[in-house]
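Shown next, in structure tokens, is the structure this report addresses.
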Amino acid sequence: MLASASDGRTVCLWDPTIDICIATLEGHSRTVYEVVFFADSKVLALASADKIIQLWDLTTGICIATLEGHSNWVRVVVFSPDSKVLASASTGKTICLWDTTTGICSATLKGHSDYVQEVAFSSDSKVPALLSDDGTIHVWDLTTDICIATLESHSSLVQVVAFSADGKVLASESDDRNVHLWNPTTGICTATLKHHSDYIQVVAFSPDGKVLVSASNDKTIYLWDPTIGIRTATLENHSDCV
């Protein structure tokens with residue numbers, strides 16, 4: 001199943017094997033910014049400019065919960081790997097953590113001076129990293145709801161963060177065209193990966209954590225060994241931004 005959201009306030013569910021829209025979810029009063037599947041693919045979370053999050057049961061096509069707590073547009077929703085927590089970020093500079101079994105907001109994380117644009121969880125679901133337009137990354141311990149590290153090293157806006165499979169390395173990229181590798185518990189930058197000649201759009205770890213990939217506007221994809229910070233391959237075949 002593929003879910004797509006639009007400014008039309010609706011979400012379409014598609015069967016990509018036959019290119020047919022099998023259902024349309026309606027209920028939000030303003031733009032739906034993001035949709036994300038629960039781990040078992042039976043529940044879909046919708047984030048909207050109407051300040052609320054809706055959870056839909058995809059087996060019945062019914063909205064089973066409406067999560068209210070944000071005072072501004074909700075731009076980001078992310079399930080933790082164990083699916084016990086749903087993190088939501090709004091233009092109000094806060095993150096709400098929701099218990100997916102009760103629909104109750106269990107914690108509100110504050111500290112950024114600008115919008116939070118991305119949330120990434122460690123594989124054990126205990127540590128989320130929050131990326132903000134204020135140029136910083138905050139790393140939190142969910143067992144204590146304490147910010148354990150603030151990562152500041154990039155010289156321009158940070159765009160993407162990603163955890164390695166074991167949660168011991170956090171990768172971030174920014175408009176400075178560099179990728180930084182961090183120890184998320186100490187907040188120390190362990191390596192800076194340089195070589196791209198234009199903005200980097202994406203960084204991601206392989207499932208086993210042994211390879212880091214970066215994709216750039218310079219039309220290339222780089223493969224890195226994150227343990228030693230060395231580029232191992234350059235993939236070139238695209239004719240435009242990757």
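The values are calculated or read from the model by the stated rules, or taken from the named source; none is laboratory data. Keep in mind that this is a model prediction, so the values were computed, not measured. Backbone-built Cβ (ideal geometry, glycine too); neighbour counts: all protein chains shown.
Some observations on this one:
- Residue match in segment 193-211 (condition: part of a loop (DSSP other than H, G, I, E, B), more than 24 Å from residue 127 (Cα to Cα) and either in contact with a Ser or Thr (Cβ under 6 Å, 6 or more places away or on another chain) or modelled with pLDDT of 95 or more (or both)): yes
- Taken together, the residues in segment 142-182 that are at pLDDT 85 or above, of a type in the set (Val, Ile, Thr) and under 18 Å from residue 204 (Cβ atoms) amount to 3.
- Among the residues of segment 17-27, those identified as of a type outside the set (A, V, I, L, M) and at pLDDT 90 or above are 17, 21, 24, 26.
- Across segment 48-68, the qualifying residues are those that are under 14 Å from residue 10 (Cβ atoms), out of contact with any His (no Cβ under 6 Å at 6 or more places or on another chain) and small (Gly, Ala, Ser), and the one among them that is surrounded by the fewest Cβ atoms within 10 Å (Cβ to Cβ) is 61.
- The residues of segment 184-224 that are more than 24 Å from residue 119 (Cβ to Cβ) and small (Gly, Ala, Ser) amount to a single one, 197.
- Filtering segment 69-111 to residues that are in contact with a Gly (Cβ under 8 Å, 6 or more places away or on another chain), part of a loop (DSSP other than H, G, I, E, B) and buried (at least 21 other Cβ atoms within 10 Å of the Cβ) leaves only 70.
Yes/no per residue for (1) without any contact (Cβ under 8 Å) to a residue 12 or more places away in the chain; (2) within 29 Å of residue 64 (Cβ to Cβ); (3) crowded, with 22+ Cβ neighbours inside 10 Å; (4) among the small types (Gly, Ala, Ser):
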{"position": "114", "(1), (2), (3), (4)": "no, no, no, no"}
{"position": "127", "(1), (2), (3), (4)": "no, yes, yes, no"}
{"position": "135", "(1), (2), (3), (4)": "no, no, no, yes"}
{"position": "140", "(1), (2), (3), (4)": "no, yes, yes, no"}
{"position": "150", "(1), (2), (3), (4)": "no, no, no, no"}
{"position": "166", "(1), (2), (3), (4)": "no, no, no, no"}
{"position": "176", "(1), (2), (3), (4)": "no, no, no, no"}
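- Those residues of segment 218-242 which are among the hydrophobic types (A, V, I, L, M, F, W, C) and not in a strand (DSSP E or B), in sequence order: 228, 241, 242
- Close pairs from segment 218-242: first β-branched (Val, Ile, Thr), partner outside any strand (DSSP E or B), Cβ under 6 Å, at least 6 apart: 221/242
- Evaluation of residue 105 against (1) under 16 Å from the mean Cα position of the chain (by Cα); (2) modelled with pLDDT of 85 or more (one fails), failing number: (1)
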